[in-house]
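Below: the structure, in structure tokens.
The values are calculated or read from the model by the stated rules, or taken from the named source; none is laboratory data. In this text the structure is predicted, and so the values were computed from the model without any measurement. As a convention, Cβ positions derive from the backbone with ideal geometry for all residues, glycine included, and neighbour counts pool all protein chains shown.
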Amino acid sequence: MKLKQEEFCHNCNRYVIYEFEDIIERQIIICPNCGHQHYRELDEGTIINIRIEGRNQQRIAIAEKLDFSVFDDSDIVVDKPITIKEFKIIGRTEDGRPIVEKTEDTGNISHEQTKTMSGRRWGRDPSQRG
């Protein structure tokens, strides 16, 4: 199965959609814009089903849903703590959803497991200068 992910190509200085195999082995991923070779590995991650803006975002914090009842004519105030879960963003899907480090601790947040290109490099494009 092929996976797609938006990543930055430092050779052509653009964000492009990369296509890569859904395997754990090391891969050479080719930039579809300029043909530059990226030597990458995959990490397992969790796609959180929300959209985010900003490519430089490193973390995301999500408040868990509160379970309580509200009565129309009630003056009672219920003081419940809000639980925040923080996740490290390791990639983004083609449609802008964050991929966070693999976790089963997503609670009631809509999510799915996936693999994503890591920032680890194991080789270098032979045509790359310097």
**Asked** Which members of segment 1-23 meet the condition of being assigned to a strand (DSSP E or B), in contact (Cβ under 8 Å) with a residue 60 or more places away in the chain and surrounded by 15 or more Cβ atoms within 10 Å (Cβ to Cβ)?
**Response** L3, Q5, E6, E7, Y18, F20
**Options I47, I89; residue that is part of a strand (DSSP E or B), modelled with pLDDT of 80 or more and either surrounded by 10 or more Cβ atoms within 10 Å (Cβ to Cβ) or in contact with a strand residue (DSSP E or B) (Cβ under 8 Å, 6 or more places away or on another chain) (or both)** = I89
**Whichever residue in segment 94-106 is over 12 Å from Q5 (Cβ atoms) and surrounded by 12 or more Cβ atoms within 10 Å (Cβ to Cβ) and, among such residues, is modelled with the lowest pLDDT** = T106
